[in-house]
1. Say the cut-off is 28 Å between C-alpha atoms; which of Lys46/Lys156; Lys51/Lys143; Lys78/Lys156 go over it?
2. Would you grab the residues whose amide H sits under 5 Å from the one on Ala166? Only those 5+ places off in sequence or on another chain, please, with H modelled 1.01 Å from N.
3. Pop out the ³J(HN,Hα) list for segment 62-73 in order, Karplus 6.51 cos²θ - 1.76 cosθ + 1.60 with θ = phi - 60°, rounded to Hz; leave Gly and Pro as x.
Amino acid sequence: MFKKVFFLLVSSIFVLCSHGASASTEYDVENGREIIKLLQNEIYVKVKLSKEELSNTKVDFQEYYQQEVLPRLDNISKNINESAIHWIDLDFDGKPELVFWTEGLSPTSWGANEYLFIVSINEKSNPVILKSMDLGDVSRNVKQYRYVKFWPEPNKNRGYNDFLRAVLSYGNFGVSGSGIINLQIEWNRYGNSIEISRFHTAFPFNIELKNKSEN
């Protein structure tokens, strides 16, 4: 009898722990990929080079794009780098938004259209793209952007300055105005909207996060 009760008790604890683990991973990378998969067609339209755009490139690039990039665009959610998928509560409503960019869709240092997306998943079965921004000319090291960094909630614990919800930085070299492109994702309390602004720096920088214990 004791063995039976002990077995049931251990089994119950295992079930509870398993349930807790599942709940805690609701907003993870794989869940993000599932959301991206639902938005495949909308994202595809933005990131795919048009025939006109492609015709204005060199023949070598056209062949590369047809053979290497287009097949990856058929499964966008699979080919985006894990480090480019994040969940952040941008509007302070207690439900995180999905923030991701298309790093990884181009498998070499040769580029394609690169975008940042912000998605609302209040209704998981019907996610909505709230914002998107063309990243412009991005410098790469194979599948990764050069000098890419992402800071979620960089002003957390800094009072009303927490309207700055995230910063994405990446390299932009070999063109006029080369340097680092920085995108600020902000919450406009007065306009009740998410906004993205862009600024350049001549060098990469680091954002020091603040702990609650600091003044």
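1. Those over the limit are Lys46/Lys156; Lys78/Lys156.
2. Close amide H contacts, sequence-distant or interchain: Glu153, Ile185.
3. After applying 6.51 cos²θ - 1.76 cosθ + 1.60, I find 4, 5, 4, 4, 5, 8, 10, 7, 4, x, 6, 6 Hz.
Just so you know, all these numbers are worked out from the coordinates, no wet-lab data involved. Computed from a predicted structure; not experimentally measured.
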